[in-house]
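Please read the structure below before turning to the comments.
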Amino acid sequence: MIVLDKITKTYFNADEEVPVLKGISFTINDGEYVAIMGPSGSGKSTLMHILGALDTPTNGSYLLDNQDVSKLSEKELAHIRKDKIGFVFQSFNLLPRSTVIRNVALPLIYSRVAKEERTERARQALFSTGLSEDRFSHLSNQLSGGQMQRVAIARALVTNPSLILADEPTGNLDTATGELVLDTFKQLNDKGHTIVLITHERDVAEHANRIIYIKDGSVLRDEAKKSS
Ligand SMILES: Nc1ncnc2c1ncn2[C@@H]1O[C@H](COP(=O)(O)OP(=O)(O)O)[C@@H](O)[C@H]1O
Ligand SMILES: [Mg+2]
């Protein structure tokens with residue numbers, strides 16, 4: 001589903017050029033659970049922005065479901081994001097004074113799904129993250145961090161995207177809560193969702209079935225976990 005070929009990204013600022021990605025190539029198939037791991041500053045978030053069609057590479061090609069998304073316009077990228085990609089961020093990015101259900105149903109408004117169906121799909125997405133039902137009508141700012149991240153995962157899922165991208169999703173959680181969130185990704189992967197998990201922590205990366213190590217904007221190693 002994902003084919004990156006010699007992707008580079010250079011930021012051009014007023015008085016300097018910052019080369020961040022230096023020729024990244026890899027393929028991720030449907031249904032994989034992959035971690036992209038590397039130290040802070042190695043280019044993980046920059047790569048995630050490209051994978052998520054939030055930004056385009058400077059050079060190289062990116063095929064997502066056989067479509068070359070490396071040269072699309074802003075408007076076309078927005079379409080790809082809406083149809084194919086669910087995002088989970090370190091900082092949750094929820095609307096604090098909206099209910100859990102409303103937060104999760106929000107992406108469906110842009111897809112013009114009717115209200116009743118939005119609510120039903122939001123509930124289903126929330127159930128699949130294991131958030132307890134008595135939280136569904138709470139305001140999102142009344143939740144714990146772990147609960148907020150479940151809501152964010154449900155929001156990423158609700159449009160049934162082919163790809164879920166998570167950038168340091170456990171970065172603001174304590175270890176035990178992070179484990180629970182990582183269990184949720186595992187369950188989603190078992191149901192067939194493709195997951196790309198970005199992290200600088202080995203313990204987190206080891207939850208995936210394959211780890212792509214990046215350093216200084218290049219792929220250092222690409223290891224599939226030995227099946228047990
Ligand atoms: N808009 C930008 N302009 C210039 N440099 C940037 C920009 N965004 C990120 N960088 C630089 O790119 C490098 C990689 O950043 P990032 O992709 O956020 O790494 P990571 O997520 O692995 O910590 C860093 O050195 C960062 O300072
Ligand atoms: Mg980052």
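No value in this document is a laboratory result; all are computed from the given coordinates. Just so it is clear, the model here is predicted, and its values are computed rather than measured. Note that we place each Cβ from the backbone using ideal geometry, even for glycine, and neighbour counts take in every protein chain shown.
Along the axis of the charge dipole computed for the stretch 2-224 (Cβ charges of +1 for Lys and Arg, -1 for Asp and Glu, origin at the Cα centre), the listed residues 119, 27, 90 are led at the positive end by 119.
To the nearest 20 Debye, how big is the dipole of the stretch 2-224 about its Cα centre, given +1 on the beta carbon of each Lys and Arg and -1 on that of each Asp and Glu?
640
The HN-Hα couplings worked out from phi for the stretch 8-23 by the Karplus form 6.51 cos²θ - 1.76 cosθ + 1.60 (θ = phi - 60°) are 10, 9, 10, 8, 9, 9, 3, 10, 8, 10, 10, x, 10, 10, 10, x Hz, whole numbers, x standing for Gly and Pro.
Taking Cα atoms only, the orientation of helix 115-129 departs from the longest principal axis of the chain by about 70 degrees. For the chain, the longest principal axis of the C-alpha atoms and the axis of helix 175-190 are separated by about 80°. According to the Cα-based calculation, Rg over Rh for the stretch 21-111 is 0.99, with Rh computed by the Kirkwood formula. Rounded to the nearest 10 degrees, the angle from helix 74-84 to the longest Cα principal axis of the chain is 60 degrees. Counted over all Cα-Cα pairs of the stretch 118-228, pairs farther apart than 17 Å make up 56 percent. Our helix-only sum for the chain, with -39,500 (n - 2.57) per DSSP H run of n ≥ 4 divided by its residues, gives a mean residue ellipticity at 222 nm of -10500 deg cm²/dmol.
The modelled label-to-label distance for the pair residue 110/residue 26, using points 7 Å beyond Cα in the direction of Cβ, is 2.6 nm. Sorting the segments 212-223, 146-157 by their mean number of nearby beta carbons within 10 angstrom, highest to lowest, gives 146-157, 212-223. The trypsin sites (Lys or Arg not before Pro) found in the stretch 4-86 that occupy coil by DSSP, while having at most 15 further C-beta atoms within 10 Å, are 71. Estimated at 0.36 nm per residue, the fully extended path between residue 144 and residue 190 surpasses their Cα-Cα distance by 14.0 nm.
In this model, which of 84/115; 9/71; 6/191; 6/186; 82/225; 84/186 are farther than 24 Å apart at the alpha-carbon? Could the numbers behind the result be given before it?
Details: 84/115 21 Å; 9/71 13 Å; 6/191 31 Å; 6/186 29 Å; 82/225 31 Å; 84/186 19 Å.
Those over the limit are 6/191; 6/186; 82/225.
Taking 1 over the mean of 1/r across every pair of different Cα atoms in the chain, what Kirkwood radius in Å do you get? Mind showing how you got there, number by number?
Working: mean 1/r = 0.0555 Å⁻¹.
With all distinct Cα pairs of the chain included, I get 18.0 Å.
For the stretch 85-93, backbone phi angles converted through the Karplus equation (6.51, -1.76, 1.60; θ = phi - 60°) give residue-by-residue couplings of 10, x, 10, 10, 10, 4, 9, 6, 6 Hz, Gly and Pro being listed as x. Between the stretch 50-74 and the stretch 146-177, the C-alpha centres lie 23 angstrom from each other. Peptides 95-103, 137-145 ordered by packing proxy, namely the average of other Cβ atoms within 10 Å per residue, highest first: 95-103, 137-145.
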